[in-house]
Amino acid sequence: MLSPKKRRGLTFAALSAVSMLMLSGCGSQIAVLHPEGPVAQKEFNLIVWSFVLMAFVGIVVFGLFAYMLIKYRASRPGIEKTYDPNIEGNTKLEVTWTVIPVLIVIALAIPTVQTTYALKDPPASAHDPIEVDVTSADWKWIFQYPAQHIETVNYLVIPAGVPVKFMLTSVGPMNTFWVPELGGMEFTMPGADLGLWLEADKPGVYLGRGANFSGKGFAHMQFNVYSKTQTQFNQWVSTVKSKYPALTMNEATYLVKHQGLSPIMTFSSYPAASVAQNQNTQMGM
Amino acid sequence: MLPHYFNHLFVSGIDIYIADVLIILASISIVGVLTYFKKWKWLWREWLTTVDHKKIGIMYILAAFAMFFRGGMDGLMMRTQLAVPNNHFLGAQHYDEVFTTHGTIMILFMAMPMLIGLINVAMPLQIGARDVAFPYLNAISLWTFFFGALLFNLSFVIGGSPDAGWTSYAPLAGPTFSPGPGENYYLFGLNLAGLGTLASGINFLVTIIKMRAPGMTLMRMPMFVWSTLITSILIIFAFPVLTVALSLLSFDRLFGSHIFSMTHGGMPMMWVNLFWIWGHPEVYIVILPAFGILSEVIGTFSGKKLFGYSAMVGSLIAIAFLSFLVWVHHFFTMGAGATVNSFFGVSTMLIAIPTGVKIFNWIFTMYKGKVRFNTAMLWSLAFIPTFVIGGMTGVMLAVAPADYQYHNSYFLIAHFHYMLVGGTVFGVFSGLYYWWPKMFGMKLNETLGKWHFWLFMISFNLTFLPMYLLGLMGMTRRMYTYPPGLGWSHLNMLETVGAFGQGFAMMFMMVNIIWSIKNGERDLTGDAWDGRALEWATTSPAPEYNFAHIPMIYGRDAFWDRKYGKDKAKYTLKAKPYTPIHMPNNSGRPFLMAVAFFISFFGFVFEWWLVAGLGLLAVFFFMFSRSFETNTDHYISVEEIEHTESGGGRS
């Protein structure tokens with residue numbers, strides 16, 4: 001058996017090794033902490049603020065905890081002098097550690113509520129928003145652009161600097177649509193349309209995925225989001241219009257009904273009956 | 001009339017075959033040992049038919065240990081699969097089953113029975129009672145839980161495990177996307193066990209209200225009793241919701257109704273609401289008793305009164321009240337709208353306030369104390385920082401817009417493992433080391449206990465701390481594999497090492513138990529740790545009737561008071577003569593009724609209506625026969641009490 005001192009030393013060494021490992025080697029791969037759009041930025045600000053408040057709480061609690069352990073350990077010489085088994089409480093102290101957390105909660109609740117309401121609206125932009133209708137199926141992502149009348153499967157192209165209104169639904173189990181660098185996720189649910197605003201600041205490629213378990217192929221429901229300049233985006237749309245086949249109703253049904261993975265696909269148009277969003281009630285926007 | 005699942009009755013797969021063989025070997029050896037040592041009668045008389053709360057508690061804990069092992073193996077399989085990218089140790093289907101059973105078992109068949117077991121062992125003793133209010137019902141609770149758990153576990157080898165996650169969201173868990181018996185096992189196993197839990201809640205509530213020793217006012221109750229009282233109220237309000245939800249989904253699956261389906265006007269989100277209206281109070285049901293354990297252990301090993309007793313009671317009540325107002329925070333991202341999200345975000349943050357009060361009170365209980373670092377105390381102490389980390393990230397999750405980035409990610413997984421392992425499991429270990437002498441009359445070995453503690457605590461942090469980071473890197477829960485190049489690989493490997501470290505640490509506990517049975521220090525005084533509450537005022541283990549004389553109470557920390565307090569004189573018992581003690585009779589009916597339930601529900605799982613119906617009929621038969629039973633209790637004679645109290649009856 002190690003002495004208590006040595007044991008504490010070992011624990012400390014082990015814990016610092018873990019934190020070193022966690023801090024090194026990851027850097028820019030921490031998507032949530034590298035926001036690339038206004039929505040993700042707002043959420044990031046809240047994450048940082050809540051972390052700062054909590055870190056303050058943590059330091060106070062951990063400090064007090066360590067102090068009590070060391071100061072009042074039974075093995076400390078002269079412990080009998082400080083020992084007082086009859087202390088029952090202290091009103092002043094108890095009021096303090098009730099009131100300060102109340103203040104912290106207020107400091108956190110106000111920006112939380114503000115941001116919650118702010119994210120209902122499109123990010124401020126000089127450009128008009130575009131809409132993409134997102135449908136999760138087993139186990140693929142279907143993206144329909146109602147204004148451009150084109151469809152992609154398992155990848156997404158958006159113009160940078162333009163707010164994108166995603167209308168989310170599902171034709172199978174629930175899922176969630178998540179592109180961490182652009183912003184938080186929202187559920188796709190059968191029978192309902194849920195709205196989500198996202199925007200990319202600049203051109204780039206961002207990884208998105210389904211975040212709610214939907215069965216065997218769920219882990220593979222990953223897709224790339226290509227953010228392009230407005231001109232490149234327009235070019236891409238016209239290429240799709242001219243170079244790619246139209247989606248037939250048969251194919252559309254197969255995509256939805258067939259339980260399996262799907263490759264990346266592009267269609268110059270889609271039949272109106274294939275739009276799952278048409279029959280749904282709208283929620284949350 | 002061949003049932004349509006008949007072809008899938010026996011599951012194939014190499015690990016299933018291994019499980020089959022192990023189950024058969026284990027069964028043969030259990031039967032062999034019982035027969036060889038002629039212990040069948042002993043098993044039936046002393047254990048299977050008992051209504052003694054202490055024995056029922058021990059059986060709860062035993063079953064929970066078995067489930068801990070099963071759930072732990074699931075966890076290790078998951079961590080093995082995720083150790084490296086693109087791994088093929090488990091397939092998708094198999095992984096889905098494993099995480100489903102891991103979650104369900106750990107929460108409902110490990111944490112709950114472990115705590116209910118400890119409550120059974122300690123609570124009636126702490127209030128100076130002879131037993132719980134309804135000892136017979138207590139046995140029914142145990143056996144319905146036990147056979148519910150058995151039914152759920154049976155899915156592994158017969159028919160296939162459920163695979164829609166422990167949350168079982170419709171429509172994934174509905175008949176379209178989860179055909180086969182697996183999900184039925186989930187529904188019927190949980191419903192059977194839930195019945196027992198609800199009965200336990202009622203039983204504990206009535207026990208605490210009606211059975212306290214004279215002089216023990218509510219505000220003189222030990223904090224563990226308070227936490228049990230509040231937990232019971234939570235159980236009584238929350239569990240009926242689960243029963244209803246499970247039954248409705250069973251209708252969808254067995255009888256073709258469309259309550260949670262996506263066609264014919266069904267509403268999948270209704271399941272999510274019902275599940276979490278039960279599910280959020282449920283997480284407090286598994287943490288509040290652990291809070292209670294902490295209050296007992298920290299007080300005892302600091303040699304101090306609990307700091308801020310009234311505030312501790314108030315915060316328990318506040319947490320319980322708030323726990324019913326936060327369920328939507330489990331699905332901020334389901335489009336409820338800004339107003340709803342704001343309300344539930346703020347109500348969730350509010351829980352941090354009473355919880356913070358408790359943390360500070362525990363820390364200040366050590367103030368001017370004499371802190372002894374026994375194993376039981378180490379677990380309670382480690383609880384504080386891990387629970388604070390879990391709690392702080394919990395508040396971060398309550399920030400609704402930020403939750404859009406954490407939801408369903410490993411950040412969330414890290415958070416609730418800090419609460420459920422760093423909280424509940426650490427608390428349970430603390431309680432086990434603390435009350436072990438009371439249950440079995442001997443202490444667990446301190447050296448082995450400390451090895452268990454340090455290895456487990458370090459490995460636990462190694463497993464779950466990196467998960468926070470993985471969540472921020474975009475890794476989501478329930479992925480059975482992930483591609484390389486995302487920066488996830490090293491952290492995942494680290495977590496796997498940690499997980500096996502925890503498994504390794506548990507071996508120290510097992511060795512400790514076996515070693516201590518033979519060599520452990522006997523507790524001859526009944527007061528193993530210089531304790532404060534009444535459970536230490538009787539022998540270890542306590543006699544069947546707990547106290548020969550029902551104790552009188554004059555203050556908080558009744559036993560400490562009797563030993564050292566200013567009221568010491570009041571407690572000096574005049575040598576009163578013993579009087580016969582009124583006790584309930586043992587009965588085999590609770591066990592048999594649970595077997596009948598098991599058979600019936602097994603029939604429901606496979607839609608074998610004849611089996612289901614006959615089983616239910618048997619259940620009703622047992623209820624009926626109980627109603628006409630007149631010989632339900634007996635008296636323990638004065639001679640027998642004298643014999644026991646003089647040490648003759650001590651094992």
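Contact order, relative form, for segment B:42-127: 49 percent (alpha carbon pairs under 8 Å, 6 or more residues apart, mean separation divided by residue count).
Accessible area per residue for chain B is 35 Å², calculated with a 1.4 Å probe on protein heavy atoms, without ligands, DNA or RNA. Positive contributions from Lys and Arg (+1) and negative ones from Asp and Glu (-1), summed over other residues with Cβ under 9 Å from the Cβ of A:Arg73, come out at +4. Of the peptides A:86-96, B:64-74, A:167-177, B:387-397, the ranking by mean beta-carbon count within 10 Å, highest at the top, reads A:167-177, B:387-397, B:64-74, A:86-96. Taking every alpha-carbon pair under 8 Å whose residues sit at least 6 apart, chain B reaches a relative contact order of 17 percent. In terms of packing, defined here as the mean over residues of other Cβ atoms within 10 angstrom, the peptides B:188-196, B:32-40 line up highest first as B:188-196, B:32-40.
Mean per-residue shielding of peptide B:337-350 is 5, counting Cβ atoms of other chains within 10 Å of each Cβ. Shape summary of segment B:195-250, radius of gyration then Dmax from alpha carbon positions: 13.9, 48 Å. Based only on Cα atoms, what Rg/Rh ratio does chain B have, Rh being taken as Kirkwood's radius? Reported Rg/Rh, Kirkwood definition of Rh: 0.96. Each principal axis of the Cα cloud of segment B:51-172 was taken in turn, and the coordinate range along them, longest first, works out to 58, 28, 24 Å. Computed from point charges on the beta carbon alone (+1 for Lys and Arg, -1 for Asp and Glu), the dipole magnitude for segment B:226-379 about its Cα centre is near 700 Debye. Using the Cβ of B:Asn184 as centre and a radius below 10 Å, the other residues enclosed give a net charge of -1, where K and R count +1 and D and E count -1. Pull out a ≥ b ≥ c, the square roots of the eigenvalues of the alpha-carbon gyration tensor of segment B:514-590, then state rounded if a/c is under 1.5, prolate if not and a/b is larger than b/c, and oblate in the remaining case. In terms of gyration-tensor shape, oblate. Taking 20 Å as the limit for the C-alpha separation, the pairs B:Lys358/B:Lys438; A:Lys216/A:Lys257; A:Lys120/A:Lys165; B:Lys304/B:Lys443; B:Lys305/B:Lys450; B:Lys438/B:Lys518 exceed it in the case of B:Lys358/B:Lys438; B:Lys304/B:Lys443; B:Lys305/B:Lys450. Per-residue ellipticity at 222 nm from helix content only, as computed over chain B with -39500 (n - 2.57) for each DSSP H run of at least four residues, stands at -21500 deg cm²/dmol. For B:Leu397, neighbours were defined as the other residues whose beta-carbon sits under 13 Å from its Cβ, and their charges (Lys and Arg +1, Asp and Glu -1) total -2. Among B:Asp15, B:Asp96, A:Asp84, the order of accessible area from largest down is A:Asp84, B:Asp15, B:Asp96, computed with a 1.4 Å probe on protein heavy atoms.
Peptides B:312-321, A:211-220, ordered by how many other C-beta atoms sit within 10 Å of their residues on average, highest first, read A:211-220, B:312-321.
Taking a ≥ b ≥ c as the square roots of the eigenvalues of the Cα gyration tensor, an a/c ratio of 1.5 or more together with a/b no larger than b/c marks segment A:145-268 as oblate. Accessible surface of B:Lys568, taken over heavy atoms with a 1.4 Å probe and every protein chain present, rounds to 100 Å². When the convex hull of its Cα atoms is viewed from all sides, the protein assembly as shown shows a mean projected area of 39.2 nm². Take peptide A:62-68, look around each residue's Cβ out to 10 angstrom, count Cβ atoms belonging to other protein chains, and average those counts. That works out to 5 on average. Given a 1.4 Å probe and the protein chains as shown, A:Glu251 ends up with an accessible area of around 80 Å². Computed per residue of chain A from DSSP H runs no shorter than four, each worth -39500 (n - 2.57), the mean residue ellipticity at 222 nm is -13000 deg cm²/dmol. Heavy-atom surface analysis with a 1.4 Å probe gives segment B:553-606 a carbon and sulfur content of 63 percent of its accessible area. Between amide H atoms placed 1.01 Å from N, distances below 5 Å from B:Val371 occur with A:Arg73, A:Ala74, all of them 5 or more places distant or on a separate chain. Rounded to the nearest 20 debye, the dipole magnitude of chain B is 1860 debye, with +1 charges on Lys and Arg beta carbons, -1 on Asp and Glu beta carbons, and the Cα centre as origin. Dipole orientation for chain A: of the candidates A:Ile70, A:Val164, A:Ile142, A:Ile70 has the Cα lying most toward the positive pole (charges on Cβ; Lys, Arg +1; Asp, Glu -1).
The values are calculated or read from the model by the stated rules, or taken from the named source; none is laboratory data. What you see is a predicted model, and the numbers here were worked out from it, not measured in a lab. Methodologically, a virtual Cβ is constructed for each residue, glycine included, from the backbone with ideal geometry; neighbour enumeration extends over all protein chains shown. Remember, those area values only see protein heavy atoms, side chains included, never the ligands or the DNA or RNA. Shrake-Rupley method; radii C 1.70, N 1.55, O 1.52, S 1.80 Å.
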